[in-house]
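Trainee: There's a structure below that I have some questions on.
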Amino acid sequence: MRFSITSLLVLFQLCSVFTAAQQQWPLHNDGQNDVVQWDHYSVIINGERIFIWSGEMHYWRIPVPELWVDVLQKVKAAGFNCVSFYAHWGFHSPSDGKLDFENGAHNFTSLFTIAKDLGLYILFRPGPYINAETTAGGFPGWLTTGDYGTLRNNDTRYTAAWTPYFDRISEIVGEHAVTRGGNVFLYQIENEYGEQWTDAATRTPNETAIAYMELLEAAANRSGINIPTIHNNPNLGTLSWSMDYDINHVGGDTDLYGLDHYPSCWSCNLEECTSVNGALPDFTLFDYYTNFQEAAPTQPSFFAEFQGGAYNPWNGPAGGCVSNTGPSWVNVFYRHNIGQKVTAQNIYMVFGGTNWGGLAFPSVGTSYDYSAPISESRLLGDKYSELKLLSYFIRAAKELTMVERAGNGTNFTNNAAVFTQVLENVQTHARFYVTVHTNSTLETQEHFKLNVSTSLGTFMVPQYATNVLLNGRQSKILLSDFSAGSQKIVYSTAEVMAVSTFETSPTIVFWVPTGESGEFYLEGAQHGSVMKCQGCSSVGFHQTQHGVITSFTQGAGFSVFKYGNGVTAIIADRTAAYTFWQPTLTNDPHVPLNSTILVAGPHLIRTAEIDGDTLALTGDYNTTTPLEVFIPSTRCTHLTFNGNPLSFHATPYGSIIAHLTAPAHTIASINATLPILSTWKVADGLPERLATYNDTNWVLANHTRTSNPNPPATYPVLYADEYGFHTGPILWRGRFSGAATGVFLNVIGGTSSGWSAWLNGVWIGSSYGNVSLAATNATLDFPGAAVKSTGENVLLVLQDNMGHDETTGVLNPRGIANATLIGGGGGNGAGLGFSSWRVQGNAGGEKDIDPVRGPLNEGGLHAERLGWHLPGFDDGDWAVGSPEEGFGEAGARFYRTVVPLRIPEGVDVSLAFELGGARESRLRAQLYVNGYQFGKRIPWVGNQVEFPVFPGILNYK
Ligand code: GAL
């Protein structure tokens, strides 16, 4: 559905006289307790309303549990009050009946402690299906054979498969529920399973899907989940699992209705979204309000997923596509959602991370950076900063948790090119005016005055300052009767970034883009004065009977104004606002504003703690940086940063200023210590191509029938999953006797996959990969000299398996669908056939998996099976040879080098490996670091050359 301006105008006319009155809406809970409740307005936890502001990250994409705290601190520092985790069944389950929630990153319970300490609520999303651009959408490989039916229904074979996983994970998560002193408050069952109706408009029930959802709900509850369940509808049309929409009680409903939306394409390749929004003009906004009111009117408008970036497909741009969803995108789209009365939103992803090992599904490579606000290398950029401006506003705007739409249209301003959505708090009558270009795809400059109705009457504002500006892609939320702590802002044309009331009257941070003007009216204020002017001009304090109206223009930097009633106003331009932080002094996710302080300067403020008269801050910086804390100097006589005492001086306007001097180590100095990767050892990585290779311990591929719904063209069945191999390269050895002249092969490895074949050690051909072909065919001639007309011939097919497809493609097999010998005098293979096939994949198949690295790390290459990738392996008798020399003939080689690192203490360094190779190079390279697979480079199909590797995988000492 597109944002339709005409219908909104009609709505405006109907609603323009509306003054929100509090209608009685039902208060819901999950039927088990009152800890989490909700209504038409918002979620209520322990009796307190909250605007759920959440970011998604995946612990299984960071196999170093010690790093989770880093990412979660960055999530909290950005102003989020919630984090969302998918769990990945396949990561936890190497084989049917086996689960690992204990070893390494498989034990994720520390996430709960970290989130609790930081003050983040948790939305937990265990699947069983998750999608997430991961192999089989998070299903274990062993589930993909067809033996468990077509999956995601109430088939008893599938139910028996997911039950142990789902029960156990529900028990683990349930222990950390908000009902038991933890912070997990919502539990999502299934994923984008908008299947409740065979026809949503007529509410015709889909009984199978309903039965499946009821099984999941029952399993969660019997295993200790006593918090609300939710579901995320894939689009505006599915209208599934909402108690409100299910008027006939057909069943399967979750407690809360949720919606997912990716208005600007979920992929960096916009062509992947032509059937939906990739085809619309950039910055097209959508109408969600109507959908939420239709689907779930008695519930909060909740985005279980809203776009936070986009994944990068193999042929996408190197480094991703942050400019598709950059700072101005964040600015406009997230404000729009507030205007749509959304009060719960989970941003997918806030931190994407890495598809290490075999985590990726076929369309994407090693990176899952997602162009997210926190990059794969854990750095923060402008997108993060822009998000922070809005997050702190949401934290300050507690009144957003109880709003109605008070109207919308182009008549609220004196410029028809500006569209305004008005929200009004039904109790306090605080108003939020979300302004944006009427045609949001335009980049014009629009100046306007806004008509605000306040407790002190109506005003066309600004009255003194230059008109408000929407400069290109931008949205602004203007306010009236807004509570800033104990004080009231009668109106403001500058956006409020943050409010802090720690031991003082409120300190309010207003911000405008550099050089713009603003005006705000503080009720009860007197005697405004400029305490600091950095880039300020045209400042006017206009005393009224009820307070002071301040008008200003703000250039680069920030200025400080003080008022007789104790209010401090900080006026920052965008760049200065980006340097502000609001650490919390409490782990209450609701963040009372009197438990926050404001800090300006460094790259990141992670935490703040006040102990006696000492303020202890932790954070990150990379250059000489001023550090200014808005705290009365009487309250803080000692200041430490990362444990080191800092001297400081007090300013006349209620802050203290210290300095952080540039760290001794710089990127350049650390770079200079990095070893050059010059001394390599090499070994042949493909002895299996030779006829003499002994494969008697390989698995005999002899199935004559398959449960897979996509049967092969030739038999035996050569589908790797049914022989227990689910990840990475697969090797097939077929034997035949007789004078064949060639072979026809159809090999399925997923899009971008490739394969090569050898006859008796002689390479006979390859398929190099194509981003849109999941299977490729070739007829390969046998060179006369290679084929033995008497005796046994051995054909080796080495295929690169790109992982399993998602959704309805989960059962698409990986293997050889057709292997037909040609020639031999009897026509097209007549009389000729393979006498046997054997298959090999990762060492141990589904058994004896490396417990820490888990079931997805390795494939079936010789080196992977023999542990050549592990740090302890002795390569003493290997030859000297470097991957940069490369090799001309078809084969596989394994190179090893030792990389001594001595990264200085106290600095957080993100290192990456660069794997080059010209576009036309017909190679596939995999990178292992201390036994972990951390990169897959395919120049022929992909553009990723830089492969970040987490500290903890790399030994920095
Ligand atoms: C959603 C899905 C997520 C992820 C996202 C795109 O539809 O629920 O798991 O696949 O799309 O990145």
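Trainee: In this structure, is Q299 surrounded by 21 or more Cβ atoms within 10 Å (Cβ to Cβ) and either in contact with a Ser or Thr (Cβ under 9 Å, 6 or more places away or on another chain) or aliphatic (A, V, I, L, M) (or both)? Let's see the steps before the verdict.
Mentor: Working: surrounded by 21 or more Cβ atoms within 10 Å (Cβ to Cβ): yes; either in contact with a Ser or Thr (Cβ under 9 Å, 6 or more places away or on another chain) or aliphatic (A, V, I, L, M) (or both): yes.
Considered against the rule, which asks whether it is surrounded by 21 or more Cβ atoms within 10 Å (Cβ to Cβ) and either in contact with a Ser or Thr (Cβ under 9 Å, 6 or more places away or on another chain) or aliphatic (A, V, I, L, M) (or both), Q299 comes out as yes.
Trainee: Here's a follow-up. Could you grab me the full set of residues in the range 789-800 that are more than 20 Å from P813 (Cβ to Cβ) and surrounded by 16 or more Cβ atoms within 10 Å (Cβ to Cβ)?
Mentor: Within the range 789-800, the subset more than 20 Å from P813 (Cβ to Cβ) is 789-794.
N793, V794, listed by residue number.
Trainee: Right, here's the next one. Restricting the range 919-957 to residues that are of a type in the set (S, T, N, Q) and buried (at least 22 other Cβ atoms within 10 Å of the Cβ), which is nearest to E858 (Cα to Cα)? Lay out the reasoning, then the answer.
Mentor: The initial filter retains those residues of the range 919-957 that are of a type in the set (S, T, N, Q), namely 921, 926, 930, 933, 943-944, 955.
Among the residues that remain, those that are also buried (at least 22 other Cβ atoms within 10 Å of the Cβ) are: 926, 933, 944.
Working: Q926: 10, Q933: 7, Q944: 20 Å.
Within the range 919-957, the match that is nearest to E858 (Cα to Cα) is Q933.
Trainee: Exactly one condition in (1) of a type outside the set (D, E); (2) more than 14 Å from the ligand (Cβ to nearest atom); (3) touching a helix residue (DSSP H, G or I) at 6+ places or on another chain (Cβ under 7 Å); (4) under 28 Å from L773 (Cβ atoms) is false for A318; which is it?
Mentor: (3)
Trainee: Can we say G761 is surrounded by fewer than 21 Cβ atoms within 10 Å (Cβ to Cβ), more than 26 Å from G141 (Cα to Cα), in contact (Cβ under 8 Å) with a residue 40 or more places away in the chain and in contact with a helix residue (DSSP H, G or I) (Cβ under 6 Å, 6 or more places away or on another chain)? Reasoning before the result, please.
Mentor: Values: surrounded by fewer than 21 Cβ atoms within 10 Å (Cβ to Cβ): yes; more than 26 Å from G141 (Cα to Cα): yes; in contact (Cβ under 8 Å) with a residue 40 or more places away in the chain: yes; in contact with a helix residue (DSSP H, G or I) (Cβ under 6 Å, 6 or more places away or on another chain): yes.
Answer is yes for this residue.
Trainee: Could you grab me the full set of residues in the range 564-589 that are within 17 Å of F502 (Cα to Cα) and buried (at least 16 other Cβ atoms within 10 Å of the Cβ)?
Mentor: So the first thing to find is which residues in the range 564-589 are within 17 Å of F502 (Cα to Cα), and the list is 565-570, 580-589.
Correct list: N565, V567, T568, A569, I570, F580, W581, Q582, P583, T584, L585, P589.
Yes or no, residue by residue, for (1) touching a strand residue (DSSP E or B) at 6+ places or on another chain (Cβ under 6 Å); (2) open to solvent by less than 80 Å² (accessible area, probe 1.4 Å):
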position	(1), (2)
L660	yes, yes
H665	no, yes
N671	no, no
I676	no, no
P687	no, yes
T692	no, no
T696	no, no
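Trainee: If we scan the range 590-608, do we find a residue that is assigned to a strand (DSSP E or B), polar (S, T, N, Q) and open to solvent by 30 Å² or more (accessible area, probe 1.4 Å)? Let's see the steps before the verdict.
Mentor: First, the residues of the range 590-608 that are assigned to a strand (DSSP E or B): 596, 598-600, 604-608.
This time we only want the ones that are polar (S, T, N, Q), so: 596, 607.
Add one more test, that the residue is open to solvent by 30 Å² or more (accessible area, probe 1.4 Å), and what stays is 607.
So far as the range 590-608 goes, yes, one or more of its residues are assigned to a strand (DSSP E or B), polar (S, T, N, Q) and open to solvent by 30 Å² or more (accessible area, probe 1.4 Å).
Trainee: Output the number of the condition that N411 fails; it satisfies all remaining conditions of (1) under 22 Å from S517 (Cβ atoms); (2) open to solvent by 10 Å² or more (accessible area, probe 1.4 Å).
Mentor: If we test N411 against (1) under 22 Å from S517 (Cβ atoms); (2) open to solvent by 10 Å² or more (accessible area, probe 1.4 Å), just (1) comes out false.
Trainee: Report, by residue number, each residue of the range 185-207 that is part of a strand (DSSP E or B) and either more than 16 Å from the ligand (Cβ to nearest atom) or open to solvent by 20 Å² or more (accessible area, probe 1.4 Å) (or both). So that I can check it myself, show each step before the final result.
Mentor: So in the range 185-207, the residues part of a strand (DSSP E or B) come out as 185-188, 197-199, 204-205.
Matches in the range 185-207: F185, W197, T198, D199, T204, P205.
Trainee: Continuing with the same structure: Evaluate the range 155-176: report whether one residue or more is of a type outside the set (S, T, N, Q) and within 16 Å of the ligand (Cβ to nearest atom). Please lay out each step first, then the result.
Mentor: Going residue by residue through the range 155-176, those that are of a type outside the set (S, T, N, Q) are 155, 157-158, 160-162, 164-169, 171-176.
Add one more test, that the residue is within 16 Å of the ligand (Cβ to nearest atom), and what stays is none.
Scanning the range 155-176, I find no residue that is of a type outside the set (S, T, N, Q) and within 16 Å of the ligand (Cβ to nearest atom), so the answer is no.
Trainee: Something else: Among the numbered criteria (1) more than 16 Å from the ligand (Cβ to nearest atom); (2) surrounded by 24 or more Cβ atoms within 10 Å (Cβ to Cβ), which one does T135 miss?
Mentor: (1)
Trainee: So, of the residues in the range 65-90 that are within 17 Å of E102 (Cα to Cα) and open to solvent by less than 10 Å² (accessible area, probe 1.4 Å), which turns out to be farthest from the ligand (Cβ to nearest atom)?
Mentor: Among those that are within 17 Å of E102 (Cα to Cα) and open to solvent by less than 10 Å² (accessible area, probe 1.4 Å), it is W68.
Trainee: Being under 17 Å from Y653 (Cβ atoms), in the same structural domain as T438 (by TED's automatic domain parsing), of a type in the set (D, E, K, R) and out of contact with any helix residue (DSSP H, G or I) (no Cβ under 9 Å at 6 or more places or on another chain) is the requirement here; does K532 meet it?
Mentor: Numbers: under 17 Å from Y653 (Cβ atoms): yes; in the same structural domain as T438 (by TED's automatic domain parsing): yes; of a type in the set (D, E, K, R): yes; out of contact with any helix residue (DSSP H, G or I) (no Cβ under 9 Å at 6 or more places or on another chain): yes.
It is true that K532 is under 17 Å from Y653 (Cβ atoms), in the same structural domain as T438 (by TED's automatic domain parsing), of a type in the set (D, E, K, R) and out of contact with any helix residue (DSSP H, G or I) (no Cβ under 9 Å at 6 or more places or on another chain).
Trainee: Right, next: Filtering the range 305-315 down to residues that are within 13 Å of the ligand (Cβ to nearest atom) and not in a strand (DSSP E or B), which residue is surrounded by the most Cβ atoms within 10 Å (Cβ to Cβ)?
Mentor: The first filter runs over the range 305-315 and keeps only residues within 13 Å of the ligand (Cβ to nearest atom), leaving 305-313.
Restricting the remaining residues to those that are not in a strand (DSSP E or B) gives 308-310, 312.
Details: G308: 27, G309: 31, A310: 29, N312: 28.
The selected residue is G309.
Trainee: Six or more apart or on different chains, Cβ atoms under 6 Å: show the pairs whose first residue is in the range 112-133 and under 16 Å from Y86 (Cβ atoms) and whose second is open to solvent by 10 Å² or more (accessible area, probe 1.4 Å) and within 13 Å of the ligand (Cβ to nearest atom).
Mentor: If the second residue must be open to solvent by 10 Å² or more (accessible area, probe 1.4 Å) and within 13 Å of the ligand (Cβ to nearest atom), the pairs left are N131/E806; E133/Y311; E133/F361.
Trainee: Follow-up. Can you list residue pairs whose Cβ atoms sit under 7 Å apart, with the first residue in the range 176-196 being free of Cβ contacts under 8 Å to residues at least 60 places away in the same chain and the second being within 16 Å of the ligand (Cβ to nearest atom) and open to solvent by less than 10 Å² (accessible area, probe 1.4 Å)? Count only pairs 6 or more apart in sequence or on different chains.
Mentor: Going by the 7 Å Cβ cut-off, the qualifying pairs are G194/N233; G194/S240; E195/S240; Q196/S240; Q196/W241.
The values are calculated or read from the model by the stated rules, or taken from the named source; none is laboratory data. These figures come from a predicted structure and were not determined experimentally. Because the Cβ atoms are built from the backbone with ideal geometry, glycine has one as well, and the counts that use them run over all protein chains shown. Ligands, DNA and RNA are excluded from the accessible area calculation, which covers all protein heavy atoms including side chains. Shrake-Rupley method; radii C 1.70, N 1.55, O 1.52, S 1.80 Å.
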